[in-house]
Amino acid sequence: MNILEGLNHEQELAVTTTEGPVLVIAGAGSGKTKVLTQRIAYILSQKPDVKPWNILAITFTNKAANEMKERIEMVIGNDANSIWTGTFHSICTRILRKHIDKIGFTSSFNIYDTTDTKTIIKECLRELNIDSKIFSEKKVQGSISKAKSEMIDEKKYEINAGNDYWESKVAQIYSLYQKKLKQNNGLDFDDIILCTIKILLDNPEVLAYYQQKFRYIMVDEYQDTNKPQFTLINLLSGMYGNLFVVGDNDQSIYAFRGADISNILNFEKDYPGAKIIKLEQNYRSTQYILDVANDIIKNNQAKIQKNLWTDKKEGAKPIYANVKDQYAEGQYIADCINKEVRSGRKYSDCAILYRTNAQSRAIEDIFLKERIPYKVIGGMKFYDRKEIKDIIAYLRVIENPADSVSLRRIINEPKRGIGDTTVNKILDIAVESNTTMFNIIEQADIYTLKGTSVLKNFAQMINDFRQEKDNMSIEKLIDWVLDMSGYKQMLEAEDTVEAQSRLENIEELKTIAMEFSSESAENNLGMFLESISLVSDIDNLDEEQDYVVLMTMHNAKGLEFPVVFVCGLEEGLFPSNQSMLEENGVEEERRLCYVAVTRAKTNLHLISAKIRTIYGNTSCAIPSRFLKEISPNLIEYIDDTIKKVEMLSNDQLSKITNKVNNVFKTPEVFLNSLNNSNSQMEDVDLSKFKPGVNVNHRKFGKGTIISVEPDEDDLKVEINFETFGTKRLMAKFARLEILK
């Protein structure tokens, strides 16, 4: 096939510019994945001396890596399997499995998630006798992760801490935390990249091997790289210098995770002579949507100038809806989705994006009432469920008995009569003896531990599993663990719907193991544990299921939908109050808005509420400054409030929080909306509320009044709702609509 067929001029230039450093500024929906795929095929077709294994392609999610691999395979066939394609973490893990012994770990190391690392930090606080109320696991974890993203190790952290009380305590915890990780033969997510860098820097022969191997390196989403990732790429590309990065400075939204936008802004400075190519033609969205995105993002100062355009017809204007409150917001969305479905769209064509997860609750309430199928991305993740973490902990200990975090999770799960006092004593002996908890348990009789026979039986069970783990499939090993540990019997004995659901979740884990066995060339327990450690929530998005997707704007990165609702466009919520206190914070929020808008293909709805209750506070809301930045002729207004109000300047907006006492100083229309809502509560005609009367509630939907009971100057109304059952509400405050 003609590799260059179907590429526009700029895409073709990006594909055929193969030598030296290249930066491609790829606007949203500009076909960057196609460029990356075709470029790999072009290099292999034009350079006979370059083999598939000489190419390294790095993405930011497993979903993107799999998509790229599938596309490459369609172009070049089975040779795609020899290309190193994956996330930073999966690529580094692959290197570590081969070389981690050089820094004192074994190849059976485990990867710890945030829950596991908090457990270790908790142990550190206990051993160091540090008050966890002052030094919470979450805060300490955040400080350590931030330090690692800046490549500050525990020794340098201690030096930097000086006499600062907080920092010096964190330095102590950081040091013990790293020691415990090594004792457990475990790495946290930050260490995966940092340990790879250490191996490469300390072992010139290893660095030379990978520099020679990877003649062409390609990196997607370059704007989201942090300092360790930049360092890793810089090291690996040091011999040939053929570094090709694709990114969009306007979509840099992960500063809170350590992403450094200067990596993309300073590319020419870091790599003198680099070629810059811009992909500005968009193949996803209508021109109206792109014009809205361009209007918003042009207000940022830190950027590489570009302007998205499309040759598609203009399409429908984006809609701005200024609604009453969060329930009206949910009802507006539900009505729009129902209309879209009636016109032939699927529920899965629609996505709802918000700044914070707390915003989903009111929308979910309305969806339940309207019977709209939906899925919240970012809720309880499959791998965060207790039963899944328990079984994975068993597998981790089987693979790596030094893993004390997983060991502590399962040693008394199901109940074996091994209490916290015994576990803490085992841990103390292990620390004092500089050995693992598992070694102490194996010798429980020597240390005269309470429950010696139970402990030794547990150790023998683990050793039996270890002896046979390589002689059976992973799903069979899971079955064996369930039976021998008593875990299955424990759930069966509960005989509840919840217990049955937990068993079904474990069956799903076995399905994942079976799929891994059928797809993986290296079918062993260690590789399976690695694969599920690196999975992200977005990787589990099932695009074949028909449901509306609810997610934060951060989670929506890289996705696209025909119909998109961007909710909560209000000052203090989006942009957030916190962003107004941080340097360049509002610019990052504006980039996030740009990302949210450009997820839409044909229909875009921008929504703000006049009154919003969130985190227990009710306040009058000011439309977001991002709405003010959009040219009025680009938007269709459902409520033209925003056009009637003289908008405040950005400086003024930055000083306003969503507190009611401040809101009273805002434009008259907002005060009026609050007054109007109060008057509605005061002027309710109580005589209309009688048994048998049909009503509608903004949250609970349609229902019938069962009984009425006087309560001072109000009525307690008992209502049987069609979807939510019986509720008792106060008539004046419930805002009930009488149905004829």
>> Against the conditions (1) surrounded by 20 or more Cβ atoms within 10 Å (Cβ to Cβ); (2) under 29 Å from residue 347 (Cβ atoms), where does residue 602 fall short? Just the number, please.
In response: (1)
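Can you go through 220, 190, 224 and tell me which one is over 30 Å from residue 44 (Cβ atoms) and either open to solvent by less than 40 Å² (accessible area, probe 1.4 Å) or not hydroxyl-bearing (Ser, Thr, Tyr) (or both)?
Unique residue meeting the criteria: 190.
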>> Looking only at residues that are in a loop (DSSP other than H, G, I, E, B) and open to solvent by 60 Å² or more (accessible area, probe 1.4 Å) in segment 116-131, which one is modelled with the highest pLDDT?
In response: 129
>> Under 6 Å between Cβ atoms, which residue pairs at least 6 apart in sequence (or on different chains) link something in segment 25-38 that is closer than 13 Å to residue 12 by Cα with a partner that is at pLDDT below 90 and buried (at least 22 other Cβ atoms within 10 Å of the Cβ)?
In response: 37/72
> For segment 352-370, how many residues meet the condition of being among the aromatic types (Phe, Trp, Tyr) and part of a helix (DSSP H, G or I)?
Replying inline: 1
> Can you tell which of 101, 153, 113, 164 is out of contact with any Gly (no Cβ under 6 Å at 6 or more places or on another chain), open to solvent by 70 Å² or more (accessible area, probe 1.4 Å) and modelled with pLDDT under 95?
Replying inline: 164
> Taking helices (runs of 4 or more DSSP H) that do not extend beyond segment 495-585, which have at least 3 residues that are over 24 Å from the mean Cα position of the chain (by Cα) and at pLDDT 85 or above?
Replying inline: 497-519
>> Quick check on my filter: what residues within segment 365-414 are open to solvent by 30 Å² or more (accessible area, probe 1.4 Å) and among the hydroxyl-bearing types (Ser, Thr, Tyr)?
In response: 374, 383
> So which of 278, 303, 269 is part of a strand (DSSP E or B), under 25 Å from residue 219 (Cβ atoms) and either open to solvent by 10 Å² or more (accessible area, probe 1.4 Å) or not hydroxyl-bearing (Ser, Thr, Tyr) (or both)?
Replying inline: 278
> Do you know which residues across segment 1-32 are surrounded by fewer than 18 Cβ atoms within 10 Å (Cβ to Cβ) and among the hydroxyl-bearing types (Ser, Thr, Tyr)?
Replying inline: 16, 17, 18
>> Name the single residue that is modelled with the lowest pLDDT among those in segment 688-704 being in contact with an Asp or Glu (Cβ under 7 Å, 6 or more places away or on another chain) and assigned to a strand (DSSP E or B).
In response: 701
> In the list 326, 305, which residue meets the criterion of being under 27 Å from the mean Cα position of the chain (by Cα) and at pLDDT below 95?
Replying inline: 326
>> Take residue 147 and tell me if it is assigned to a helix (DSSP H, G or I), modelled with pLDDT of 95 or more, open to solvent by less than 30 Å² (accessible area, probe 1.4 Å) and within 29 Å of residue 438 (Cα to Cα).
In response: no
>> Among the residues in segment 242-255, are any at negative phi, open to solvent by 10 Å² or more (accessible area, probe 1.4 Å) and modelled with pLDDT of 95 or more?
In response: yes
>> Restricting to segment 64-73, name every residue that is more than 18 Å from the chain's Cα centre (by Cα) and either surrounded by 21 or more Cβ atoms within 10 Å (Cβ to Cβ) or free of Cβ contacts under 8 Å to residues at least 24 places away in the same chain (or both).
In response: 68, 69, 70, 72, 73
> From the set of residues in segment 396-444 that are among the hydroxyl-bearing types (Ser, Thr, Tyr) and assigned to a helix (DSSP H, G or I), which is nearest to residue 481 (Cα to Cα)?
Replying inline: 406
>> Can you tell me how many residues within segment 712-740 are at pLDDT below 80, part of a strand (DSSP E or B) and either among the acidic types (Asp, Glu) or open to solvent by 70 Å² or more (accessible area, probe 1.4 Å) (or both)?
In response: 2
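If you go through segment 196-215 one residue at a time, do you hit one that is open to solvent by 10 Å² or more (accessible area, probe 1.4 Å), part of a helix (DSSP H, G or I), modelled with pLDDT of 95 or more and within 16 Å of residue 152 (Cα to Cα)? Spell out how you get there, then give the answer.
Applying the first criterion (open to solvent by 10 Å² or more (accessible area, probe 1.4 Å)) to segment 196-215 yields 198, 201-205, 207-209, 211-213, 215.
Those left that are additionally part of a helix (DSSP H, G or I): 198, 201-202, 204-205, 207-209, 211-213.
Restricting the remaining residues to those that are modelled with pLDDT of 95 or more gives 198, 201-202, 204-205, 207-209, 211-213.
Okay, now just the ones that are also within 16 Å of residue 152 (Cα to Cα), so 198, 201.
Looking for residues that are open to solvent by 10 Å² or more (accessible area, probe 1.4 Å), part of a helix (DSSP H, G or I), modelled with pLDDT of 95 or more and within 16 Å of residue 152 (Cα to Cα), one finds at least one in segment 196-215, hence yes.
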> Any idea which of (1) at pLDDT 80 or above; (2) open to solvent by 90 Å² or more (accessible area, probe 1.4 Å) is the one residue 685 doesn't satisfy?
Replying inline: (2)
> Any idea which of 417, 315, 344 is over 27 Å from the mean Cα position of the chain (by Cα), more than 21 Å from residue 185 (Cα to Cα), without any contact (Cβ under 8 Å) to a residue 24 or more places away in the chain and open to solvent by 20 Å² or more (accessible area, probe 1.4 Å)?
Replying inline: 344
> Can you tell which of 113, 101, 131 is among the charged types (D, E, K, R), without any contact (Cβ under 8 Å) to a residue 24 or more places away in the chain and closer than 19 Å to residue 187 by Cα?
Replying inline: 101
> Since residue 107 meets every condition but one in (1) touching a residue at least 24 places away in the same chain (Cβ under 8 Å); (2) not in a loop (DSSP other than H, G, I, E, B), which condition does it not meet?
Replying inline: (2)
> Scanning segment 132-144 for residues that are of a type in the set (Gly, Ala, Ser) and over 20 Å from the mean Cα position of the chain (by Cα), which turns out surrounded by the fewest Cβ atoms within 10 Å (Cβ to Cβ)?
Replying inline: 132
>> So, residue 61, is that one buried (at least 19 other Cβ atoms within 10 Å of the Cβ) and among the polar types (S, T, N, Q) or not?
In response: yes
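The values are calculated or read from the model by the stated rules, or taken from the named source; none is laboratory data. All values reported here derive from a predicted model rather than from experimental measurement. Because the Cβ atoms are built from the backbone with ideal geometry, glycine has one as well, and the counts that use them run over all protein chains shown. Only protein heavy atoms, including side chains, enter the accessible area calculation; ligands, DNA and RNA are left aside. Shrake-Rupley method; radii C 1.70, N 1.55, O 1.52, S 1.80 Å.
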